[in-house]
Structure formats: structure tokens, C-alpha cells
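The block underneath contains the structure these notes are about, expressed in C-alpha cells.
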Amino acid sequence: MYKALFILLLPLTLLAEPLFFILLGAPGAGKGTQGQKLSEYFHIPHIALGDLLREEVEKKTGLGLLASSYMEKGELVPDDLVLSMLKMRLNSADCAQGAVLDGTSRKRSQAEFLLANLPKGKYEAIYFSIDRDLLKERILGRKVCSKCSFVCHETLLPEKEKGFCDRCSSVLIQRKDDNMAAFLQRLAIFEEYITGVCDFYKEMGILRSVNAAEPIELLFQSLK
Ligand code: AMP
């Protein structure tokens, strides 16, 4: 009975148009939290370029060693280092039905590269609009899972068991670049490039803006 149902529904799954969400916003705007929720809801991978880079740093690969000096200061890692890694990730089999792309369009050059390299499908670029004053509190109190990158917050989204991830029970850590100096640098870089990125997605007719100050669940309802 289940087998018959599976065979019946399989073509529908295969025919469904791949769905790509491109999340844009300042550090602390909530892209990671919403990205994880969208990924679970639509059963598509959440690809955060920052997470991919942190994995390289952790593994001490050549790329990781080069990238870490930029990351610790809150600067962008040069395009020639990140874009080939992104392309390889997009070509993985698990992206066939789409993906949630987080932090993959930090400059117009990256946005153009991304659209040129995505498979055919439905794309939506979502700009997380938020008052700058809210960001500092979100970033400085943020804790992330050392294993699965799940995001918590000291006061705004506390974990159930102190110090451990709600999703996989691994240890929560504070990111090296979640300090005041690196945050201000990341924000300055964001301000420098975001207009060019949004202009590009507007020209492509796929940009929409959401109010990222809304509570997590409410914002998620408007995204999905
Ligand atoms: P995130 O986890 O998105 O806050 O990114 C952490 C850091 O990784 C950034 O401050 C940059 O140093 C680097 N990074 C992440 N995404 C990109 C990107 N698209 N281009 C260049 N550097 C990036």
C-alpha cells in the first residue's frame, strides 16, 4: 500500500520545480534561523557560505587557512576563493530540488555569479529588513552549535539545556567573529554592498522585503 502510494507520488516530486531562496540581510538579521526553518519545511538543504568556510577553517585546509584571517576581522573572503567552492556545493545531488542560500550574495558580483550558476527553477531573493540597533544585541548574545550550526541566543532564544544544542545536543559556542569589533566591520561591509545586490535582484524581478524584527514564527509564516 505504502509502496503504491510512493510510486504514485514520485513523479509529482520529480516534476516539482526546484525552489531556491536567496537570503539577504545584515549580520544578526535572522537569515540563519529562518534559513534552517525553511530548509526543514521544504526538505531542501540550507547552504550558508559562512558555515562552509568555517568547516574549511576547522579542517585546516589551504582554503581555510587563507579564509580565516579575513573572517576573524569580519572582512569578506575574496571571490576567487569562495565562488568555486559555492559552485561545487550547488552541483551536489541534494540541491536538485532547490536550496536555501544564505550569505551567498554579499556583493553584486556574487549575486550575478549565483544566478548564472543555479539550475533552472523558481528563485526568490528575500531581503531581511531590520533596524540597525537590534542587530548588536542579537549578535553579541548569539550562540551556535559547534556541530550543526543551529542558532540560539542568551536571552532572545535560550536553549533548553544550558550550553547544549536543542537539535543535536552538541556543545554551543560563541563564534570568533561575534565580537564588537568584527561585528562593526561586518556591518560596514554589508552597508557598502547591499544596495548593489538588491538592485540586481530587483532588476531580475525576484526581490521581496520582509520585516526581520518580527518574532521568529510570525516571520517564518510570511516566508514559506
Ligand atoms: P556569516 O556566517 O554569514 O556571518 O559569515 C562569516 C564570515 O564568512 C564573513 O564575515 C566573511 O568573512 C565570510 N563570508 C561568508 N559569506 C561570504 C561571502 N559570500 N563572500 C565572502 N566572504 C564570506
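See the values below:
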read-out: Under 5 Å, built H, 5+ apart or other chain: amide partners of S209; value: Y127
read-out: Hz values of 3J(HN,Hα) by residue in region 197-206 - Karplus curve (6.51, -1.76, 1.60), Gly and Pro given as x; value: 5, 5, 4, 4, 5, 5, 4, 7, x, 10
read-out: Residue with peak Gaussian network fluctuation, the chain [Cα springs, cutoff 10 Å], from I47, I206, I194; value: I206
read-out: Phi to ³J(HN,Hα) by Karplus 6.51 cos²θ - 1.76 cosθ + 1.60 over region 141-147, Hz, x for Gly, Pro; value: x, 6, 10, 10, 6, 5, 10
read-out: Between region 20-37 and region 59-123, the alpha-carbon center distance in angstrom; value: 15
read-out: Estimated [θ] at 222 nm from DSSP helical runs (n ≥ 4, -39500 (n - 2.57)) normalised by residues in the chain, nearest 500; value: -15500 deg cm²/dmol
read-out: Pairwise Cα inverse-distance average, inverted: Kirkwood Rh of region 1-152 (Å); value: 16.9
read-out: Computed FRET value (nearest 0.05) for E154 with E17, which takes r as the C-beta separation and R₀ as 41 Å; value: 0.55
read-out: Using distinct alpha-carbon pairs, which all enter the 1/r mean, Kirkwood radius of region 107-168 in Å; value: 14.8
read-out: D94 paired with L184, simple spin-label distance in nm, labels 7 Å along Cα-to-beta-carbon; value: 3.8
read-out: Global form of region 69-224, assessed from the alpha-carbon gyration tensor, a/c cut-off 1.5; value: rounded
read-out: Antiparallel content of DSSP bridges confined to the chain, in %, to 5; value: 25
read-out: Karplus-derived HN-Hα couplings along region 179-188 (A = 6.51, B = -1.76, C = 1.60, θ = phi - 60°), whole Hz, x at Gly and Pro; value: 10, 4, 5, 5, 4, 4, 5, 4, 5, 4
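Values quoted throughout were computed directly from the atomic coordinates according to the rules given, and no laboratory measurement underlies them. None of the values given here were measured: they were computed from a predicted structure. Cβ: placed from backbone, ideal geometry, glycine included. Neighbour counts: every protein chain shown.
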